[in-house]
Amino acid sequence: MEKQSNAERLRRAEVLESEGYRQKLINQSEGERQGAINAAQGQAESMRLKATAEADQIKAIAEAQAASTRMAAEATADGLRAIAEAVSEEGGKDAMVQRLADKYVSELAEMAKQSNLVIVPDRPNDISGVVATAMGMFDQVKQQGSAN
């Protein structure tokens, strides 16, 4: 009877040891599985945050460029209004013609410095012709402006 009782205890001990080993393997497997899930979720969240940050950065850059473009357009419009006002004042037309002639001569000189090939008008020394052309263009623009 004692042998039978010892055998039963040994059998139960082996069963318990086997169950313990089995539970250990299950726990390890579930731990590894949960670790892989957590790593994948972390990586997905990291990618989402990076994409959101990049999108925010692109949006901020676009908004800054748009604001810069608006400011440049406003500055150009203000400058053009100031020029129109100055030209309409007494002596303004003469000042504009003088400025255009100066600019024409300086641009021709700059072209000559910068290139081996120089393209010049058919009569480069005829400043009065340049002024007459500028005045004609001014009158055309003025007529178009008053037509609108």
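The values are calculated or read from the model by the stated rules, or taken from the named source; none is laboratory data. Since the structure is predicted, the reported quantities are computational estimates derived from the model, not experimental observations. Cβ sites come from the backbone with ideal geometry, for glycine too, and all protein chains shown count toward neighbours. Please note that ligands, DNA and RNA were not included when accessible areas were found on the heavy atoms of the full protein model with its side chains. Shrake-Rupley method; radii C 1.70, N 1.55, O 1.52, S 1.80 Å.
Criterion first (of a type in the set (S, T, N, Q), without any contact (Cβ under 8 Å) to a residue 24 or more places away in the chain, within 30 Å of S128 (Cβ to Cβ) and open to solvent by 90 Å² or more (accessible area, probe 1.4 Å)) does Q98 satisfy it? Give the derivation first.
Values: of a type in the set (S, T, N, Q): yes; without any contact (Cβ under 8 Å) to a residue 24 or more places away in the chain: yes; within 30 Å of S128 (Cβ to Cβ): yes; open to solvent by 90 Å² or more (accessible area, probe 1.4 Å): yes.
For Q98, the condition - of a type in the set (S, T, N, Q), without any contact (Cβ under 8 Å) to a residue 24 or more places away in the chain, within 30 Å of S128 (Cβ to Cβ) and open to solvent by 90 Å² or more (accessible area, probe 1.4 Å) - is met.
Every listed requirement among (1) of a type in the set (A, V, I, L, M, F, W, C); (2) assigned to a helix (DSSP H, G or I); (3) modelled with pLDDT under 85; (4) under 29 Å from K142 (Cβ atoms) is met by A109 save one, (4). The combined condition, being open to solvent by 90 Å² or more (accessible area, probe 1.4 Å), of a type in the set (V, I, T) and in a helix (DSSP H, G or I), is fulfilled by I58. Being loosely packed, with under 10 Cβ neighbours inside 10 Å and either in a helix (DSSP H, G or I) or among the hydroxyl-bearing types (S, T, Y) (or both) holds for only one residue in S5, S18, and it is S5.
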